[in-house]
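The structure appears below as structure tokens.
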Amino acid sequence: MCGLCGILRRDGATADPALAGRMLDRMPHRGPDGRGVHTAGPLALGHLRLSIIDLATGAQPMSTPDGRFTIVFNGEIYNHRDLRRELEPEYPYRTSSDTESLLHGWRRWGPGMLDRLEGMFAFAIADRVEGTVFCARDRLGKKPFYYVDRPDVFIFASEIKAILEHPGIPREVDPEALELFLALGYVPAPWTMFRGIRKLPAGHWLRAGAKTEIREYWDVRPETVVPGEEAVRERVRAAVKKRLISDVPVGCYLSGGIDSTIVSGLASAEIRGMRTFSAGFSEGPSEKFNADLALARVAAKQFGTIHEEVLVDQAIDLPALVRQVAWALDEPLANAASIPTFLVARLARERGVPVLLSGDGADELFAGYDRYLSDALVSSYRRVPGWARAMASPLLRLNANLGKLDRKARLDPGPERYLTWHEAFPREMRARLIAHDLPGPDFVREVVRRVVDRPVTDCFQERLLYGDLKLWIAEESNMRMDKMSMLASVETRAPFLDHHLVEFAAGIPFAEKVRGRRYKALLRDAFADLLPAEIRTRSKWGFIPPASEWLRGRLNPLAKEMFSPEKLRWFRHGTVSELFDDHVAKRAYHLPRLWILLAFQLWQETYLS
């Protein structure tokens, strides 16, 4: 796990190695164990190293013996030893690192190498002869890759703050990204909140030379499978075991939920004395916000792990921490779970554990959210004859939930229905909120349509799962996890996002995943003997901080400052003030919307002021 950056001048000028050095200076947390800059005419590459595999060698940037190709790489290639056995007869190795397998793999296979890789990655390979840079991001978007593409220069980095070191990069809001963020709570690729700065979409490669070419190299290809509990067990076990490869200690996030418990249980069976880490909260009802913490202790005891916890309490300067998180994220991301995620990673690092496994992705593979079951009800309701629905209309007016069901059923299965489960600020609310012109009225819908209309299936719940995997996982969950763990110089690995497991799960019919309308039923049944009974039978809750209590308490002064008229450049003060006052007074529930607004305001204060 590392940080990378690069500059390719297209105007005949020589790349500035000092600029590459300053770009690295902006993200030292990504690589405390090594640093290097390579320059060759119009090209400069920079790298920061967090040593995980091959601690003695493997320094970057790394070049081929003839100096033609040079690579900077962030991530882990879990099958690098298999690749080495295939490549070494033709290309003698000088290190034991996975980086060198990428370099030699590129020499043999070119872009076709990507189909052979198993792991998480963002990398750039410069070709000194052709004057090009080939860049790629892993299939599920676990590693970030940002870039600026201009006629005079191509610039890239693991974090946007590094790109902003270039003196010619303006700091301006992208209105399209802002509308997407208000709708979704994150900014999907290729947009970023900075006008002119883009992120390479997951599963894509980019080649920059005189011109820039971008292509998709992977999409989910559902396997033809015979679903069964034993097959699920073996696939998940293999994905976990693969991610235990490391030359430094490995631990686990253990929230007390089903997914992290499965990962921790499988990992602890492979490594004696496995370290696990959890977070708890001092504010809010303990039975609500610390239920997971109690269950994590149950799991840790059953698995015999060395378990430690961090408490988000009054001793922590929460306003300062929230500002630090806003800086680390590079662009606004509206999820208060960023805070405990960072604190858990920091605790692991302090205990000498720089690699953590997480349970991320299981909900999107095996239908772990209530919305998937609720949407199945919508599909069932749509099959009710119109005359029967008309007879039921008086009941719909009396019951709010039935009314919602009826409204969703009136929508065709597509982006509008997807957005009913995700949209924080619907279009009409965005129009009242934003004090500037918006993109066209169909903009957000069309961005979502390009994703959810891709799977060929009559089951909309499977399209819903696919959309969450390609949108939310890639650009919310993975980016939040990467930025928060790397802020603590910790590498996070997500076994459930193994692309073989993803394609296996995509081939399992939705009905089998929820067996009799039980969320994540197949996964729970597959690991019934591993999961403690209290965890296996619990209802879905999730890792939720007491953010409402924070807004009414310790974060209230910060929120009032950020929502003041002099700070609100993009939003109408009256609309924001009404949302905030009603929520604080408990007249209405607006937490997701307020956290979106607070995240944007803090980002604006951090990067545009």
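The values are calculated or read from the model by the stated rules, or taken from the named source; none is laboratory data. For clarity, every value in this text was computed on a predicted model and none was experimentally measured. Positions of Cβ are backbone-derived with ideal geometry, glycine not excepted, and every protein chain shown enters the neighbour counts. The accessibility values were calculated without ligands, DNA or RNA, using every heavy atom of the protein model including side chains. Shrake-Rupley method; radii C 1.70, N 1.55, O 1.52, S 1.80 Å.
At a glance:
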| quantity | calculated |
| --- | --- |
| Counted charge near Glu90, where neighbours are those whose Cβ lies closer than 12 Å (Asp, Glu -1; Lys, Arg +1) | +2 |
| Value in Å of the Kirkwood radius, where the range 206-363 supplies the Cα pairs that are averaged | 18.0 |
| Heavy-atom accessible surface of the range 2-78: percent carbon and sulfur, 1.4 Å | 51 |
| Estimated FRET transfer efficiency when R0 is 30 angstrom, pair Arg536-Ser380 (beta carbons, to 0.05) | 0.65 |
| Gyration tensor verdict on the range 11-84 (Cα atoms; rounded if a/c is under 1.5, prolate if a/b is larger than b/c, oblate otherwise) | oblate |
| Restraint check, Lys408/Lys560; Lys288/Lys408; Lys199/Lys242; Lys199/Lys540; Lys560/Lys586, Cα-Cα greater than 26 Å | Lys408/Lys560; Lys288/Lys408; Lys199/Lys242; Lys199/Lys540 |
| Percent accessible area from carbon and sulfur atoms, the range 369-514, protein chains only, probe 1.4 Å | 55 |
| Theoretical ellipticity at 222 nm over the chain - DSSP helices of four or more residues, -39500 (n - 2.57) apiece, nearest 500 | -12000 deg cm²/dmol |
| Furthest towards positive pole of dipole, Gln324, Ala299, Asn335, structure part the range 281-341, Cβ charges | Ala299 |
| Convex hull (Cα only) mean projected area of the chain, reported in nm² to one decimal | 27.4 |
| Probe 1.4 Å, protein heavy atoms only - accessible area per residue of the chain in square angstrom | 38 |
| Separation of alpha-carbon centers, the range 130-160 and the range 183-197, rounded to whole Å | 15 |
| Full-extension gain in nm, Arg116 to Glu213, via 0.36 nm per residue minus C-alpha separation | 32.8 nm |
| Total formal charge among the other residues, if their Cβ is under 9 angstrom from that of Met486, Lys/Arg +1 and Asp/Glu -1 | -1 |
| Spin-label model distance (nm) - Asp66 vs Glu566, 7 Å beyond Cα toward Cβ | 6.4 |
| Anisotropy class of the range 44-147 from Cα gyration tensor, a/c 1.5 cut | rounded |
